[in-house]
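What follows is a single structure, written as structure tokens, with notes after it.
The values are calculated or read from the model by the stated rules, or taken from the named source; none is laboratory data. All figures in this text were calculated on a predicted structure; none of them were measured in a lab. Note that each Cβ is placed from the backbone with ideal geometry, even for glycine, and that neighbours are counted across all protein chains shown. When the accessible area is computed, the model is the full protein with side chains, heavy atoms only, and any ligands, DNA or RNA have been set aside. Shrake-Rupley method; radii C 1.70, N 1.55, O 1.52, S 1.80 Å.
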Amino acid sequence: VHLRQCVRCGYVGCCDSSPNKHASRHASANPGHPTARSAEPDEMWIWCYAHETGVKPRPENEPG
């Protein structure tokens, strides 16, 4: 089980590999909270539940 953090409010829930799928349940129950980032060390990505797609965010010190 891995943890996911809501990008909008910071709620932390378990991933879809867990029995209760708290992170995706949070996203579906709270309009405006469709994205979650990994809360695991050394993982840098964001998942959008609404579009069922993931992205790797650009590091903060990298020019845009």
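Can you find a residue that is among the polar types (S, T, N, Q) and surrounded by 15 or more Cβ atoms within 10 Å (Cβ to Cβ) anywhere in the stretch 30-49? Write out each step before concluding.
From the stretch 30-49, those among the polar types (S, T, N, Q) are 30, 35, 38; that's our starting set.
This time we only want the ones that are surrounded by 15 or more Cβ atoms within 10 Å (Cβ to Cβ), so: 35, 38.
Scanning the stretch 30-49, I find at least one residue that is among the polar types (S, T, N, Q) and surrounded by 15 or more Cβ atoms within 10 Å (Cβ to Cβ), so the answer is yes.
Within the stretch 12-64, considering only strands (runs of 3 or more DSSP E) that don't extend past its boundaries, which have at least 2 residues that are touching a Ser or Thr at 6+ places or on another chain (Cβ under 6 Å)?
On the way: elements: 12-14, 35-38, 46-48, 53-55.
Because the criterion is at least 2 residues that are touching a Ser or Thr at 6+ places or on another chain (Cβ under 6 Å), the strands (runs of 3 or more DSSP E) in the stretch 12-64 that meet it are 46-48.
What are the pairs, 6+ residues apart or on separate chains, where a residue within the stretch 46-60 that is under 20 Å from GLY10 (Cβ atoms) has its Cβ under 8 Å from a residue that is part of a loop (DSSP other than H, G, I, E, B) and open to solvent by less than 50 Å² (accessible area, probe 1.4 Å)?
Close Cβ pairs satisfying both conditions: ILE46/PRO57; CYS48/PRO34; TYR49/PRO34; ALA50/PRO34.
At pLDDT 95 or above, touching a helix residue (DSSP H, G or I) at 6+ places or on another chain (Cβ under 6 Å) and hydrophobic (A, V, I, L, M, F, W, C) - does that describe any residue in the stretch 38-55?
no
Where residues in the stretch 1-29 are hydroxyl-bearing (Ser, Thr, Tyr) and open to solvent by less than 50 Å² (accessible area, probe 1.4 Å), which of them is farthest from the chain's Cα centre (by Cα)? Break it down stepwise before answering.
Step one: filter the stretch 1-29 for residues hydroxyl-bearing (Ser, Thr, Tyr), giving 11, 17-18, 24, 28.
From what's left, open to solvent by less than 50 Å² (accessible area, probe 1.4 Å): 18, 24.
On the way: SER18: 14, SER24: 8 Å.
By that ranking, first place goes to SER18.
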